[in-house]
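Undergrad: So that we are looking at the same thing, I have put the structure below in structure tokens.
The values are calculated or read from the model by the stated rules, or taken from the named source; none is laboratory data. Because the structure is predicted, anything quoted here is derived from the model rather than measured. Here the Cβ is made from the backbone with ideal geometry for all residues, glycine too, and neighbour counts use every protein chain on show. What goes into the accessible areas is simple: the full protein's heavy atoms, side chains included, and nothing from ligands, DNA or RNA. Shrake-Rupley method; radii C 1.70, N 1.55, O 1.52, S 1.80 Å.
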Amino acid sequence: MEESQYVTVSALTKYLSAKFDRDPHLGKVYLTGEISNLGNRRSRHLYFSIKDPEGKAVIRAAMFSYASRLKFEPEEGMKIQAVGRVQIYEPAGSYSIILEQMTPAGVGDLFLALQQLKDKLAKEGLFTAPKRAIPPLPKRIAVITSPTGAVVEDVAKTVERRLPQAQVVLLPAVVQGDGAVPSLLKQLDRVDQLGFDTAIIGRGGGSIEDLWAFNDEALVRKVAALKTPIIASVGHETDNTLVDLVADQRAATPTAAAELATPITKQNLIDRVLELSSRLNLAGQKLIQQKQQDLKYVIDRPIMKQPDRLYAAYQQEVDSLEKRLVQAFSRKTDQAKYQKQALTERLANQQSQLLRPYKERLSLAAAKLDLVSPLKILSSGYSIVKDPEGRVVKSKNDLATGQHVSLTFSDGQRQAEILGEEHD
């Protein structure tokens, strides 16, 4: 055989690949089987094998960007129905199927995804967590729903009928389709921020696809973590979503949700006020009767008829105390007088003893002074002559004839005139 008749592995693989690409039966293959050898799902793409239930045939499979295509989580051994195209991987010379669609066999993919998420959240305890109590008399109630639906209108009418003072505030949101989850999450954030007493989240009935936003994991976790008590009213009575399971209360209709949000009605308050008013009147009458009996008992006591008996004993005691007080004061006064007299005598004696040596010295000094006193000399017949200026005249030469002088004697003074000089 000539050498030109031989082909390389690459050439053969390319030929087979071209055959596969041109074959219309391999361009879109509907395949059923079980998932096997499920690979690492941390990447954006999914790689696994599909095998017959008996395990006699296996084909490799791949789905690119699978997270945005699948609504359920693939699991090992799960039976699936897939649609894709068959191609050859030239470097390895192997063939595989590149999937475009994949659904669980025998059960809808939405239902399976819902069940898987429900089991996951149940294991975390989200559905059995303690529920928040609905305030009995809310002031502001938030309603998260579509602004065009009948939900908010039904809630507003019911609240107006049951508790008119409560304010119903619509927080408009998209409740269906791709934009529903972000819109609902945004309004749930506002519920806590704006300080509502109660919140109602819901929409009308629909298919599982229509209600699917209320099964979103992020939305379910947000409702569970909300600080404000929340009531879910999603779909009809037979519809059940994960939001219903984590909400604090679940209502079959918007009207029922509004009734749950207003546990106490205006009529309840009126009835309660009337009941309390009646009980208060009865209690007041009973109290008045009791006080009247107490007053009569006090008035009929002998002490009230003869009130002087009430204080007679005290008056005697007052008199006795007054007498004792006067006696005690008198004793204190006498004692004080005696102490004062004794102190006065002691002070006089001590003063006399302290002054005696000074008196003796003073008497002695006075006697000595008296010996040289001019008055004593004057009493012996002498006198003191003073000129008009009051100077003592010591010599006759200090005087002139006709000059007036003052003469001081022991018993007084006299005026005199110098008549002249007397010669012996």
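Undergrad: Arrange the peptides 73-83, 351-361 so that the one whose residues have, on average, the most other Cβ atoms within 10 Å appears first.
TA: Per-residue mean Cβ counts within 10 Å order the peptides as 73-83, 351-361.
Undergrad: Once the stretch 246-343 is represented by equal point scatterers at the alpha-carbon sites, with solvent omitted, what log10 I(q)/I(0) does the Debye formula produce at q = 0.23 Å⁻¹?
TA: -1.12
Undergrad: A further question follows. When all alpha-carbon pairs of the stretch 116-156 are counted, what percent fall beyond 12 Å?
TA: 73
Undergrad: In whole percent, what relative contact order does the chain give with Cα contacts below 8 Å and a gap of six or more residues? Could you put the intermediate results ahead of the total?
TA: Working: 578 pairs, mean separation 36.4, N = 424.
Reported as a whole number, the value is 9 percent.
Undergrad: Continuing with this model, one more query. Put one equal scatterer on each alpha carbon of the stretch 378-424, apply the Debye formula with no solvent term, and list log10 I(q)/I(0) at q = 0.18, 0.24 1/Å to two decimals.
TA: Rounded to two decimals, the profile gives -0.55, -0.91.
Undergrad: Take every Cα-Cα distance within the stretch 167-307, group them into 10 Å bins from 0 onward, and report for each bin the whole-number percent of pairs it holds.
TA: With a bin width of 10 Å, the distribution comes to 11, 30, 18, 9, 8, 8, 7, 6, 3, 0.
Undergrad: With a 10 Å cut-off between alpha carbons and a GNM built on the chain, which of Arg203, Arg221, Arg414 moves the most?
TA: Its mean-square fluctuation being the largest, the pick is Arg414.
Undergrad: Continuing with the same structure: Modelling each spin label as a point 7 Å along the Cα-to-Cβ direction, I'd like the Ser363/Gln115 distance in nm, to one decimal.
TA: Going from the Ser363 label point to the Gln115 one covers 14.4 nm.
Undergrad: Another one. Rounded to the nearest whole Å², what accessible area per residue is found for the chain with the 1.4 Å probe?
TA: 69
Undergrad: Further question: Work out the length of the dipole vector of the chain about its Cα centre, built from +1 on the beta-carbon of each Lys and Arg and -1 on the beta-carbon of each Asp and Glu, and round it to the nearest 20 debye.
TA: Working: 57 positive and 51 negative charges, 342 e Å.
I would put it at about 1640 debye.
Undergrad: So how compact is the stretch 340-424: Cα radius of gyration and Dmax in angstrom?
TA: Taking only Cα atoms of the stretch 340-424, I get Rg and Dmax of 23.2, 75 Å.
Undergrad: How big is the C-alpha Rg of the stretch 334-374 next to the rule-of-thumb value 2.2 N^0.38 Å, as a ratio?
TA: After normalising by residue count via 2.2 N^0.38 Å, the value is 1.93.
Undergrad: Where the Cα atoms of the stretch 258-315 are projected onto their three principal axes, how long is each span, largest first, in whole Å?
TA: Projected onto the principal axes, the Cα atoms of the stretch 258-315 cover 76, 19, 9 Å.
Undergrad: Also, I was wondering about something else. At q = 0.17 Å⁻¹, what log₁₀ I(q)/I(0) does the stretch 32-86 have when each alpha carbon counts as one equal point scatterer in the Debye sum?
TA: -0.50
Undergrad: By average Cβ neighbour count within 10 Å, what is the ranking of 253-259, 403-409, 316-322 from highest down?
TA: Details: 253-259: 22.0, 403-409: 14.4, 316-322: 10.3.
Per-residue Cβ counts within 10 Å, averaged per peptide and sorted highest first, yield 253-259, 403-409, 316-322.
Undergrad: On to the next question. Run lengths n ≥ 4 of DSSP H only: what is the helix-derived mean residue ellipticity at 222 nm for the chain, with -39500 (n - 2.57) per run over all residues, to the nearest 500?
TA: -15000 deg cm²/dmol
Undergrad: Could you sort the peptides 289-297, 384-392, 150-158 by per-residue average Cβ neighbour count (10 Å cutoff), highest mean leading?
TA: Working: 289-297: 10.0, 384-392: 11.7, 150-158: 19.6.
Ranking, from highest mean packing down: 150-158, 384-392, 289-297.
Undergrad: Please report, in cubic angstrom per residue, the volume enclosed by the convex hull of the alpha-carbon atoms of the stretch 100-203.
TA: 157
Undergrad: While we're looking at this one, here's another question. Restricting the count to DSSP beta bridges whose residues both fall in the chain, what percent are antiparallel, rounded to a multiple of 5?
TA: Antiparallel bridges make up about 65 percent of those DSSP assigns within the chain.
Undergrad: Right, something else. Please express the shape of the stretch 288-367 as an equivalent ellipsoid: the semi-axes are the square roots of 5 times the eigenvalues of the C-alpha gyration tensor, given largest first in whole angstrom.
TA: 73, 12, 6
Undergrad: Give the carbon-plus-sulfur fraction of the accessible surface of the chain in %, rounded to a whole number; probe 1.4 Å, heavy atoms of protein chains only.
TA: Summing carbon and sulfur atoms, their accessible area is 54 percent of the total for the chain.
Undergrad: Taking N as the number of residues in the chain, what is its alpha-carbon radius of gyration divided by 2.2 N^0.38 Å?
TA: Normalised Cα radius of gyration, the chain: 2.94.
Undergrad: Lysines near Lys296 by alpha-carbon distance under 23 Å, same-chain residues fewer than 8 away left out - which ones?
TA: Lys286, Lys305
Undergrad: Rounded to two decimal places and with Rh computed the Kirkwood way over Cα pairs, what is Rg over Rh for the stretch 280-424?
TA: 1.78
Undergrad: Around Leu407, what is the net charge, scoring Lys/Arg as +1 and Asp/Glu as -1 over all other residues with Cβ under 10 Å from its Cβ?
TA: After counting each charged neighbour, the total is +2.
Undergrad: Another question about this same structure. Could you grab the Rg to Rh ratio for the stretch 142-214? Cα atoms only, Kirkwood for Rh.
TA: Dividing the radius of gyration by the Kirkwood radius yields 0.99.
Undergrad: Taking only the alpha carbons of the stretch 33-184, what extent do you get along each of the three principal axes, in Å, biggest first?
TA: Its Cα atoms span 76, 32, 27 Å along the three principal axes.
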